[in-house]
Amino acid sequence: MTARKKAESLTFEQSMQELETLVTKMEQGDLPLEDALQSFERGIVLARHSQQKLKDAEQKVQILTTENGQPTLDVFEPDN
């Protein structure tokens, strides 16, 4: 079995892909209890990591779109 990377070293996309794989395996219901618990634990770690990545990205967007404490973006109106 391949060694798992630490969640902190994964990109958001890698973390979500692994989480999706774990969920699929667990939904099948074929895992022994011990494996299911390990998968659940890993899933929690990955979910927390993904949430932090999203929070960090949101903060960065807020910083980049604010000038002198004021929002600098206009409302998006798509071309029809």
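The values are calculated or read from the model by the stated rules, or taken from the named source; none is laboratory data. Computed from a prediction, not measured in an experiment: that's the story for all the values here. Here Cβ is always computed from backbone atoms with ideal geometry, including for glycine, and neighbour counts include all displayed protein chains. These area figures cover heavy atoms from the full protein model, side chains too; ligands, DNA and RNA do not enter into them. Shrake-Rupley method; radii C 1.70, N 1.55, O 1.52, S 1.80 Å.
Points worth noting:
- Close pairs (8 angstrom Cβ cut-off, 6 or more residues apart or separate chains): modelled with pLDDT of 65 or more in the range 65-80, not in a loop (DSSP other than H, G, I, E, B) anywhere: Thr65/Pro71; Thr72/Thr66
- Total residues in the range 1-48, condition open to solvent by 100 Å² or more (accessible area, probe 1.4 Å), of a type outside the set (Lys, Arg) and assigned to a helix (DSSP H, G or I): 10
- Taking the conditions (1) at pLDDT 90 or above; (2) assigned to a helix (DSSP H, G or I) in turn, Val61 satisfies each one other than (1).
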